[in-house]
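Chemist: Dropping a structure here in structure tokens format, bear with me for questions.
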Amino acid sequence: MNALRLIQVVLVSIFLFGLYIVTLLWPGAMDGPMSIMDVNGPVAVEQKTVFWFTVAVSAFLMLTVGGVFLYAIFRFRAKPGQDFHVPEQTHGSAKLEIALIVASCLLLLVIAIPNAKALFYVSEVPADKKAEAIKVVAIGHQWWWEFQYPDLGITTANELHIPVGKPIDLQIKAVDVIHAFWVPRLAGKIDATPGQINTMWMQADKAGKYHGQCTEYCGDSHANMRFFVMADEPADFDAWVRNEKKDGVKPSTVEEVNGQQVFMKGCNSCHTVGGSGAMGVVGPNLTHFGSRTSLGSAIYPNTDEHLVNWIKFPKEMKPGNLMNLEQVNMVVSDKDVHDLVAYLKSLK
């Protein structure tokens with residue numbers, strides 16, 4: 001590679017790195033629902049700090065090495081009319097090689113120490129916060145998330161409710177293949193591995209809906225394995241807990257009664273509705289399905305139209321979806337679907 005090509009490579013590398021930094025810093029460029037820059041919790045803040053520290057050290061290394069490289073190219077280039085001679089070589093200098101190895105190790109330590117510190121910080125709730133922490137078990141399925149609150153006696157799916165300002169002690173696991181739990185504005189990511197429990201914690205300092213995503217390829221609908229974290233004000237969270245502890249609402253209209261009967265002909269083999277006798281564990285718990293804002297693992301808004309299509313065309317709505325009415329010998333008419341939707345939407 002000649003000198004001109006070397007200069008081009010270095011300049012292009014510096015330009016691309018600079019463009020990357022500008023993209024990160026550009027107003028509005030990194031404030032979307034999955035942004036790691038627009039954070040609202042102590043764990044995410046710690047991770048963001050480590051990220052910027054690593055970027056700063058990397059930028060220093062790149063500019064230093066690139067600057068020395070460019071200086072050497074211009075300073076020691078052959079001048080027109082100058083007799084070329086090979087300059088004195090340093091190859092084989094033990095002192096220089098040892099110095100470079102030591103310098104490289106020190107720079108790696110500069111990056112590694114804050115990263116290791118962050119890993120320990122993220123792995124479990126700090127001692128001074130443990131007493132107020134709420135335990136949640138997040139279980140990855142193909143392709144949805146189950147959330148259990150063992151101390152509260154609550155099981156829900158795809159929408160994790162947490163109170164603002166309180167730490168959430170998370171246990172992450174999976175029942176089939178490897179998944180990964182990630183809520184970029186609050187914390188993450190960490191693998192959900194079958195037969196293993198991984199731990200982390202998070203906390204939301206601001207109320208709102210936070211987007212989550214599985215980030216470990218897990219099959220056909222990996223990209224559709226989403227969830228929401230609902231950060232509620234403490235009073236709203238307490239009200240949600242009280243309601244979640246109740247059994248499913250009893251049907252009160254003709255359509256809802258008929259819909260429950262349809263549900264108990266096959267849907268109950270996979271789903272649970274508290275108080276109805278349906279105790280399936282293969283699919284999401286539907287005891288309070290009507291109060292959720294989304295369906296299909298946070299893909300679609302929870303509307304009547306989407307729910308009708310979900311029941312009639314589950315494979316089209318979500319590729320690889322394991323829901324199959326034929327496997328439970330269910331044949332439903334349009335009226336059955338209408339009544340089933342009425343029943344499910346009443347479960348609030």
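The values are calculated or read from the model by the stated rules, or taken from the named source; none is laboratory data. What you see is a predicted model, and the numbers here were worked out from it, not measured in a lab. Because the Cβ atoms are built from the backbone with ideal geometry, glycine has one as well, and the counts that use them run over all protein chains shown.
Chemist: Return the only residue of 176, 191 being within 13 Å of the chain's Cα centre (by Cα) and either part of a loop (DSSP other than H, G, I, E, B) or farther than 30 Å from residue 343 by Cα (or both).
Modeler: On the way: 176 fails: within 13 Å of the chain's Cα centre (by Cα).
Being within 13 Å of the chain's Cα centre (by Cα) and either part of a loop (DSSP other than H, G, I, E, B) or farther than 30 Å from residue 343 by Cα (or both) holds for just one of 176, 191, which is 191.
Chemist: Residue by residue through the range 122-156, note down the ones that are among the small types (Gly, Ala, Ser), modelled with pLDDT under 95 and not in a loop (DSSP other than H, G, I, E, B).
Modeler: Of everything in the range 122-156, those that are among the small types (Gly, Ala, Ser), modelled with pLDDT under 95 and not in a loop (DSSP other than H, G, I, E, B) turn out to be 123, 127, 131.
Rundown of residues vs (1) closer than 23 Å to residue 225 by Cβ; (2) of a type in the set (D, E, K, R); (3) without any contact (Cβ under 8 Å) to a residue 12 or more places away in the chain; (4) not assigned by TED's automatic domain parsing to the domain that holds residue 210, yes/no style:
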| site | (1), (2), (3), (4) |
| --- | --- |
| 258 | no, no, no, yes |
| 262 | no, no, no, yes |
| 312 | yes, yes, no, yes |
| 319 | yes, no, no, yes |
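Chemist: One residue is enough: does the range 106-113 have a residue meeting the conditions assigned to a helix (DSSP H, G or I), within 20 Å of residue 170 (Cα to Cα), among the β-branched types (Val, Ile, Thr) and outside the structural domain of residue 194 (by TED's automatic domain parsing)?
Modeler: Within the range 106-113, none of the residues are assigned to a helix (DSSP H, G or I), within 20 Å of residue 170 (Cα to Cα), among the β-branched types (Val, Ile, Thr) and outside the structural domain of residue 194 (by TED's automatic domain parsing).
Chemist: Which members of the range 194-208 meet the condition of being surrounded by fewer than 16 Cβ atoms within 10 Å (Cβ to Cβ), in a strand (DSSP E or B) and polar (S, T, N, Q)?
Modeler: 199
Chemist: Just to be sure before I move on: is residue 252 surrounded by 14 or more Cβ atoms within 10 Å (Cβ to Cβ) and farther than 21 Å from residue 298 by Cα in the structure I sent? Give the derivation first.
Modeler: Numbers: surrounded by 14 or more Cβ atoms within 10 Å (Cβ to Cβ): no; farther than 21 Å from residue 298 by Cα: yes.
It is false that residue 252 is surrounded by 14 or more Cβ atoms within 10 Å (Cβ to Cβ) and farther than 21 Å from residue 298 by Cα.
Chemist: Would you tally the residues in the range 32-48 being surrounded by fewer than 17 Cβ atoms within 10 Å (Cβ to Cβ), part of a loop (DSSP other than H, G, I, E, B) and at pLDDT 85 or above?
Modeler: Matching residues across the range 32-48 total 1.
Chemist: A follow-up question, please. If the requirement is being among the aromatic types (Phe, Trp, Tyr) and exposed (fewer than 15 other Cβ atoms within 10 Å of the Cβ), which of these qualifies: 51, 84? I'd like the intermediate steps shown before the answer.
Modeler: Details: 51 fails: exposed (fewer than 15 other Cβ atoms within 10 Å of the Cβ).
Just a single option satisfies the conditions, and that option is 84.
Chemist: Mind checking whether some residue in the range 262-283 is within 20 Å of residue 222 (Cα to Cα) and either out of contact with any His (no Cβ under 7 Å at 6 or more places or on another chain) or assigned to a loop (DSSP other than H, G, I, E, B) (or both)? If you could, list the steps in order and put the result at the bottom.
Modeler: Here is the first cut: in the range 262-283, the ones within 20 Å of residue 222 (Cα to Cα) are 282-283.
Those left that are additionally either out of contact with any His (no Cβ under 7 Å at 6 or more places or on another chain) or assigned to a loop (DSSP other than H, G, I, E, B) (or both): 282-283.
Yes: one or more hits.
Chemist: Now for a separate question. Please go through the range 103-158 and give me each residue that is surrounded by fewer than 12 Cβ atoms within 10 Å (Cβ to Cβ), closer than 30 Å to residue 241 by Cα and small (Gly, Ala, Ser), ordered by number.
Modeler: 127, 131, 153, listed by residue number.
Chemist: When the residues of the range 210-235 are filtered to those that are free of Cβ contacts under 8 Å to residues at least 60 places away in the same chain and not hydrophobic (A, V, I, L, M, F, W, C), which remaining residue is surrounded by the most Cβ atoms within 10 Å (Cβ to Cβ)? So that I can check it myself, show each step before the final result.
Modeler: Residues of the range 210-235 that are free of Cβ contacts under 8 Å to residues at least 60 places away in the same chain, as a first pass: 215-217, 223, 235.
Applying the additional criterion that residues be not hydrophobic (A, V, I, L, M, F, W, C) yields 215-217.
Values: 215: 17, 216: 19, 217: 11.
Here the answer is 216.
Chemist: Might you let me know whether the range 306-313 holds any residue that is part of a loop (DSSP other than H, G, I, E, B), crowded, with 17+ Cβ neighbours inside 10 Å and either among the aromatic types (Phe, Trp, Tyr) or touching a helix residue (DSSP H, G or I) at 6+ places or on another chain (Cβ under 8 Å) (or both)?
Modeler: The first filter runs over the range 306-313 and keeps only residues part of a loop (DSSP other than H, G, I, E, B), leaving 313.
Those left that are additionally crowded, with 17+ Cβ neighbours inside 10 Å: none.
Among the residues of the range 306-313, not one is part of a loop (DSSP other than H, G, I, E, B), crowded, with 17+ Cβ neighbours inside 10 Å and either among the aromatic types (Phe, Trp, Tyr) or touching a helix residue (DSSP H, G or I) at 6+ places or on another chain (Cβ under 8 Å) (or both), which makes the answer no.
Chemist: I'd like to check something: does the range 88-95 contain any residue that is assigned to a helix (DSSP H, G or I) and either exposed (fewer than 12 other Cβ atoms within 10 Å of the Cβ) or out of contact with any helix residue (DSSP H, G or I) (no Cβ under 8 Å at 6 or more places or on another chain) (or both)? Quick ask: steps written out before the conclusion?
Modeler: Going through the range 88-95, the residues assigned to a helix (DSSP H, G or I) turn out to be 94-95.
Narrowing the set further to residues that are either exposed (fewer than 12 other Cβ atoms within 10 Å of the Cβ) or out of contact with any helix residue (DSSP H, G or I) (no Cβ under 8 Å at 6 or more places or on another chain) (or both) leaves 94-95.
Yes, the range 88-95 has at least one match.
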